Amino acid sequence: TGPTVWTEFNRIGQEHNPVNLGQGFPDWLPPKFAVDSLVEAVLDSAQSPHQYTRSAGHPNLVNQLARRYSIHMRKEIDPMNEVAVTVGASQALYLSLQTLVRPGDEVILFEPFFDLYVNQVKLAGGTPVFVPLRFVPYTDKIDGQDEDEVRGGDWVLYRDELMKVVSPRTKAIILNSPHNPTGKIFTRTEMELIAESLDLAGPDCVVLSDEVYKYIIHAPPKEESVSDSPICAGHIHFASLPGMWDRTITISSAGKTFSATGWQAGWCVGPNRLIKPIHQLLPYIQFCASTVIQEALARSLSRADQPYEGYASYYEYLKAKYTRKRDLLVDALTEAGFAVPNYDVTPGGGFFILARPGKAIQRSIPEKYILAKNEAAPGGVARQDWALCQWMAEEVGLLCIPSSPFFSSERVQEGAADSFIRVAFCKTDETIEAAAAALRQMK
């Protein structure tokens, strides 16, 4: 009911005009073939996609999605009964939870988590149950680094922490891989652990697999997996694991892949028994997603597989582009004294880095920011992560997002979020270079 991290840092951004590496949307145009597809769709007088289309999804789009997911899942997907098109991935998640969860049911979230998940679970009447991803710092000492200096590391899911909370009350588990905000790619072993936990939950428990970043895997796992999609290298679709198709709703969208977050085109893919209730609910939430956008996306999907900008496909280009931008930001953060993941050893995806401020940076935060009252901050108090981000935005000239809104209140009070901030690299090179200049001031 009050201000959030997004409203607060948007306000700070408007007042101080810092370089913005905060919210996760690209600050460049979608690829030309996508823009061309949109223009063609708008001007297509023969098909005239300017009126309502099928509530469950525009036929041209669901056919394209079924074609692609049949390859991803290595099984034939029925476009009319196993795909639902929604207004963005957020609505796909909302509809999935509304059809699955009843008051008193529990939904497992891995923390840190995308903050949207918590209130969507509550809107469905469910109770969020948090399972921590434990941060494990690297043990190798870097030349010249003090023993007490902070280091990068990995986020790990441990078996006992998941198994102790799964019960017959668990009706859904939300899995986000690649993960926001950490960039973590869940390993096949971790996914198999989640699949195993469903035995404790019972037959009605469903995994909601949020895979919006699957084409932005900039540091693929070193070992190849038989579960990798042949057209999505490094990504494991949870639904493709043995026995998991019937227990999974796969959620994704066009926004991250095509740098078009404003298109708001999302979808659910899964067995008919799970998708049919979503089809039934869709007309009462929004009769249909934009017909024009759906038609444009259907045309874009086929073109994205073709050679693009010297790469075998648009997806290969996208991976290379984000890898380069990640390295630009990693170099700047490291030079400024932040600890970041070592992507030579840690797989990574999406376009966020959860960076750890070094001891010198922590000592530099002006005292007036630390533990200051702030209605938007978790618990109403600006702990170290929030204080650091507010100082950086107001005085250093760089806007990042504190990590505490991505943790449960209990973990925030324990200090689990104090030493992390979220930094986005889905920005132009010029924006990242301006951010690097601001970071150099901190050093």
Determine the distance separating the Cα centre of segment 237-292 from the Cα centre of segment 335-404; give it in Å without decimals. 34
On a 0 to 90° scale, report how tilted helix 429-442 is relative to the longest principal axis of the chain, with both axes built from alpha carbons and the result rounded to the nearest 10. 20
Percent of beta bridges antiparallel (DSSP, the chain, rounded to nearest 5): 55
If R0 = 30 Å, then Asp199 and Ser302, at their Cβ-Cβ distance, give a FRET efficiency to the nearest 0.05 of 0.15
Calculate the FRET efficiency for Thr189 and Arg324 from the Cβ-Cβ distance with a Förster distance of 25 Å, rounded to the nearest 0.05. 0.25
Do you know the relative contact order of segment 118-272, to the nearest whole percent, from alpha carbon pairs under 8 angstrom that are 6+ apart? 16
Expected output is a single nm value to one decimal: the length gained when fully extending between Asn63 and Asp331, i.e. 0.36 nm times separation in residues minus the C-alpha distance. What is it? 92.2 nm
Taking a ≥ b ≥ c as the square roots of the eigenvalues of the Cα gyration tensor of segment 1-119, is the shape rounded (a/c under 1.5), prolate (a/b larger than b/c) or oblate? oblate
The distance between the Cα centres of segment 304-331 and segment 1-61, in whole Å, is 21
Of all the accessible heavy-atom surface of the chain, with the other protein chains kept in place and a 1.4 Å probe, what percent is carbon and sulfur? 51
Could you order the peptides 241-251, 210-220 from most to least packed, using the average number of other C-beta atoms within 10 Å per residue? 210-220, 241-251
Determine the alpha carbon to alpha carbon distance for each of Lys373/Lys443; Lys164/Lys276; Lys171/Lys256; Lys122/Lys359 and list only those over 30 Å. Lys164/Lys276; Lys122/Lys359
Give me the one-decimal nm value for the distance between modelled label points at Thr127 and Asn10, 7 Å along each residue's Cα-to-Cβ direction. 3.3
Gained length - Gln413 relative to Val156, 0.36 nm times residue gap less alpha-carbon distance: 90.4 nm
How far, in degrees from 0 to 90, does helix 32-43 lean away from the longest principal axis of the Cα atoms of the chain, to the nearest 10? 40
What is the extension gain from Lys75 to Lys368, computed as 0.36 nm multiplied by their sequence separation minus the C-alpha to C-alpha distance, in nm to one decimal? 99.7 nm
Folded to 0 to 90 degrees: helix 188-201 orientation relative to the chain principal axis, Cα: 70
Cα gyration tensor of the chain, axes a ≥ b ≥ c as square roots of the eigenvalues: rounded (a/c below 1.5), prolate (a/b > b/c) or oblate? prolate
With a point put 7 Å past each Cα toward its Cβ, work out how far Leu43 is from Phe25 in nm, to one decimal. 2.6
Would you mind calculating the relative contact order of the chain from Cα pairs under 8 angstrom and at least 6 residues apart, reporting the percent as a whole number? 25
Taking a crude spin-label model, label points 7 Å out from Cα along the C-beta direction, the Asp140 to Tyr311 distance in nm is 2.7
So which residue, out of Thr99, Thr189, Thr323, gets the largest mean-square fluctuation from a GNM of the chain using Cα contacts under 10 Å as springs? Thr189
For Asp429 and Lys222, what does the FRET efficiency come to when R0 = 30 Å and r is the distance between their Cβ atoms, rounded to the nearest 0.05? 0.60
Per residue, how much accessible area does the chain show when a 1.4 Å probe rolls over the protein heavy atoms, in square angstrom? 41
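The values are calculated or read from the model by the stated rules, or taken from the named source; none is laboratory data. Predicted model only: the values in this text are computed from it and were never measured. Ideal geometry is used to build each Cβ from the backbone, glycine not excepted, and the neighbour counts take in all protein chains shown. Accessible surface areas use protein heavy atoms only, side chains included; no ligands, DNA or RNA. Shrake-Rupley method; radii C 1.70, N 1.55, O 1.52, S 1.80 Å.
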